[in-house]
Amino acid sequence: MTANLTISALLAEGAAHLASAGVDNPALDAELLLAHAAGTRRARLKSHPEQIPEDAARVRYAELIDRRARGEPLAYLVGYKDFWTLRLAVSPAVLVPRPETELLVERALALLPEATAARVLDLGTGSGAIALALASERPHWQVTATDLSDIALEVARANAASHGLKNVEFLLGDWFAPLAGRRFDLIVSNPPYIGAVEPELATPALGYEPRSALSPGADAMTSLRTIVRAAPPHLEHGGWLLLEHGATQAAEVARELVVRGFRHVRSRRDLAGHERMTEAQWA
Ligand code: GLN
């Protein structure tokens, strides 16, 4: 990238590079990456387009643009992702929280009476996205978040601390393993649900995210089925189980829930019109 370019020229050049690489929002990503490289805000870039960033910032920016053009998620490059009302730190040890997962948060808030002091469990919390969104909306809820990865739990713990959320506990372990004898009013999870042989998993951008967060192995249903089968002894009478799943898995997840004795089984569509989550009540 040429020296002595103004902010507006750097942005145009970076955006053109990203566009030719097929990146979805090239102009926005270029702005966020230049702001990150220059240690400033996007708004400041917009208000001073004629300024010339210092050499070090320009070099960092060129590197970030190259990595983004090769498919690295923007969130890993800038180190954060906005989810619900929270800015969450992310690293390649955790899945980048997705906007469609906010549907799970919405349904959780809608299903439980607002005033109740509920006990809530988020299985496979990753960055803490779901657990922390719920904990911030309902300070009187007691939220438990588990993950198999201790590095992921460190990220989630740091996110809880940075938002001053004290009503969340973090436990290391495989699904319900660290929860013997404990019951909850609500269990939520966005588990890995892409089968190992599905072409979707070969999408280059997904190669940057933890494989264990995306895929449970050969059978796409493994984690969803494990959670449905193991959940009942951990649910209060009338408690809810909310699961995110792939766009083609709603019927299979619903069948599993019905067979296991859950009631009010219902799948919901995300903004793109895909049935991306199923909720069910333990009678
Ligand atoms: N619960 C986290 C999220 O929804 C992580 C999910 C995962 O890693 N599969 O973003």
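Checking the condition under 24 Å from I151 (Cα atoms) and away from the ligand (no atom under 11 Å from the Cβ), which residue from L111, L121 passes?
On the way: L111 fails: under 24 Å from I151 (Cα atoms).
Being under 24 Å from I151 (Cα atoms) and away from the ligand (no atom under 11 Å from the Cβ) holds for just one of L111, L121, which is L121.
Kindly indicate the residue of the stretch 177-200 that is open to solvent by less than 30 Å² (accessible area, probe 1.4 Å) and more than 20 Å from the chain's Cα centre (by Cα) and also farthest from L111 (Cα to Cα) among those meeting that condition. Only one residue fits best here, namely L179. Counting only residues that are open to solvent by 10 Å² or more (accessible area, probe 1.4 Å) and part of a loop (DSSP other than H, G, I, E, B), the stretch 126-138 holds 2 of them.
Per the conditions (1) more than 13 Å from the chain's Cα centre (by Cα); (2) closer than 16 Å to E209 by Cα; (3) free of Cβ contacts under 8 Å to residues at least 60 places away in the same chain; (4) surrounded by 17 or more Cβ atoms within 10 Å (Cβ to Cβ), the sole criterion not satisfied by E72 is (3). Contact annotation: residue pairs with Cβ atoms under 9 Å, 6 or more positions apart or on different chains, pairing a residue in the stretch 204-225 that is in contact (Cβ under 8 Å) with a residue 40 or more places away in the chain and of a type outside the set (A, V, I, L, M, F, W, C) with a partner that is more than 14 Å from the ligand (Cβ to nearest atom) and open to solvent by less than 60 Å² (accessible area, probe 1.4 Å), are P204/G71; G207/G71; Y208/G71; Y208/E72. Among the residues of the stretch 206-240, which ones are of a type outside the set (A, V, I, L, M) and within 23 Å of G71 (Cβ to Cβ)? G207, Y208, E209, P210, R211, S212, S215 - these are the residues of the stretch 206-240 that are of a type outside the set (A, V, I, L, M) and within 23 Å of G71 (Cβ to Cβ).
Of the residues V94, V78, which is within 15 Å of the ligand (Cβ to nearest atom), open to solvent by less than 30 Å² (accessible area, probe 1.4 Å) and not acidic (D, E)? Show your work before the answer.
On the way: V78 fails: within 15 Å of the ligand (Cβ to nearest atom).
Within the list V94, V78, the selection yields V94.
Listed by first and then second residue, the pairs with beta-carbon distance under 6 Å, at least 6 apart or on different chains, first residue in the stretch 243-254 and closer than 12 Å to L103 by Cβ, second of a type in the set (G, A, S) and within 12 Å of the ligand (Cβ to nearest atom), are L243/S189.
The numbered conditions (1) within 14 Å of the ligand (Cβ to nearest atom); (2) at positive phi; (3) not acidic (D, E) are all true for G164 except (1).
Among the criteria (1) farther than 25 Å from H245 by Cβ; (2) in contact (Cβ under 8 Å) with a residue 24 or more places away in the chain, the one L121 does not fulfil is (1).
Residues that are out of contact with any helix residue (DSSP H, G or I) (no Cβ under 6 Å at 6 or more places or on another chain), at pLDDT 95 or above and under 24 Å from A118 (Cα atoms) are absent from the stretch 200-210 altogether. Within this structure, T101 passes the test of being within 9 Å of the ligand (Cβ to nearest atom), among the hydroxyl-bearing types (S, T, Y) and in a helix (DSSP H, G or I).
Would you confirm, using the coordinates I've provided, whether L242 is under 22 Å from A129 (Cα atoms), buried (at least 18 other Cβ atoms within 10 Å of the Cβ) and either modelled with pLDDT of 95 or more or more than 13 Å from the ligand (Cβ to nearest atom) (or both)? Yes: the conditions hold for L242.
Specify the residue that is nearest to the ligand (Cβ to nearest atom); the eligible residues are those in the stretch 245-255 that are outside any helix (DSSP H, G or I) and of a type outside the set (G, A, S). Give the derivation first.
Looking only at the stretch 245-255, we keep the residues that are outside any helix (DSSP H, G or I), and these are 245-249.
In the following step, the residues that additionally are of a type outside the set (G, A, S) were identified as 245, 248-249.
On the way: H245: 11, T248: 17, Q249: 14 Å.
Restricting to residues being outside any helix (DSSP H, G or I) and of a type outside the set (G, A, S), the top hit is H245.
Collect the residues in the stretch 213-239 that are small (G, A, S) and either open to solvent by less than 20 Å² (accessible area, probe 1.4 Å) or part of a helix (DSSP H, G or I) (or both), keeping them in residue-number order. Matches in the stretch 213-239: A213, S215, A220, S223, A230, A231, G239.
The values are calculated or read from the model by the stated rules, or taken from the named source; none is laboratory data. The structure presented is a predicted model; accordingly, all values stated were derived computationally and were not measured. Cβ atoms come from the backbone with ideal geometry, glycine included; neighbour counts cover every protein chain shown. The accessibility values were calculated without ligands, DNA or RNA, using every heavy atom of the protein model including side chains. Shrake-Rupley method; radii C 1.70, N 1.55, O 1.52, S 1.80 Å.
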